[in-house]
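Scroll down for the structure; my scribbles are underneath it.
The values are calculated or read from the model by the stated rules, or taken from the named source; none is laboratory data. In this text, all values refer to a predicted model and were calculated from it rather than measured experimentally. Cβ sites come from the backbone with ideal geometry, for glycine too, and all protein chains shown count toward neighbours.
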Amino acid sequence: MSVDRINKLKKVLTVMESREQQCLQTLMSSQRRLDEAKRNLDSLGDFQSRYSSKFQQAGGQGLRTSQFGEYRAFLEKICVAIGEQHRTVESADNEVQRVQAVWLAARQKCDGIRQLMESLRHQMVKDENRRDQKEMDDRSSRGVGRGSVGL
């Protein structure tokens, strides 16, 4: 009976391991999106710093009102883009956490099935050892009984 159960569990484990791998692939993909979003945020921050420096240098040399307005409007657009990218990073991070929880749950299910299979194997060995011991005890007691009758 336990052999049949172990074989059934092997099939279930195969399906669950496949699911775990799919979850892991999804997690890796989500992590890549998060990393890319962080790189984009860093790039926007670097660009903002460079543009601000350029703006300050140009301001030191004197700017026309129209140039000042253009610089300022563009810096505001960069700030808006940075805010949007912060939200993108936050969303991507939340997605990574969600997908990671799904993957961990799938992995734990696989681990649980493996532990159950190992426990069943261990129990089968114990049961077999008990049967062998009982059989040897029965043979021993039959042999002792026959030997004493013959004396």
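Points to keep in mind about this one:
Residue by residue, here is whether (1) surrounded by 16 or more Cβ atoms within 10 Å (Cβ to Cβ); (2) within 18 Å of the chain's Cα centre (by Cα); (3) of a type in the set (S, T, N, Q); (4) under 27 Å from residue 89 (Cβ atoms) holds:
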position	(1), (2), (3), (4)
11	no, no, no, no
31	yes, yes, yes, yes
36	no, no, no, yes
43	no, no, yes, yes
55	yes, no, no, yes
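- Qualifying positions in the stretch 68-127 - exposed (fewer than 14 other Cβ atoms within 10 Å of the Cβ), over 27 Å from the mean Cα position of the chain (by Cα) and over 25 Å from residue 42 (Cα atoms): 69, 121, 122, 123, 125, 126, 127
- Search result, residues across the stretch 1-51 that are hydrophobic (A, V, I, L, M, F, W, C) and either without any contact (Cβ under 8 Å) to a residue 60 or more places away in the chain or in contact with a strand residue (DSSP E or B) (Cβ under 8 Å, 6 or more places away or on another chain) (or both): 1, 15, 28, 37, 41, 44, 47
- Flag for residue 51 being over 18 Å from the mean Cα position of the chain (by Cα), surrounded by 15 or more Cβ atoms within 10 Å (Cβ to Cβ) and modelled with pLDDT under 95: no
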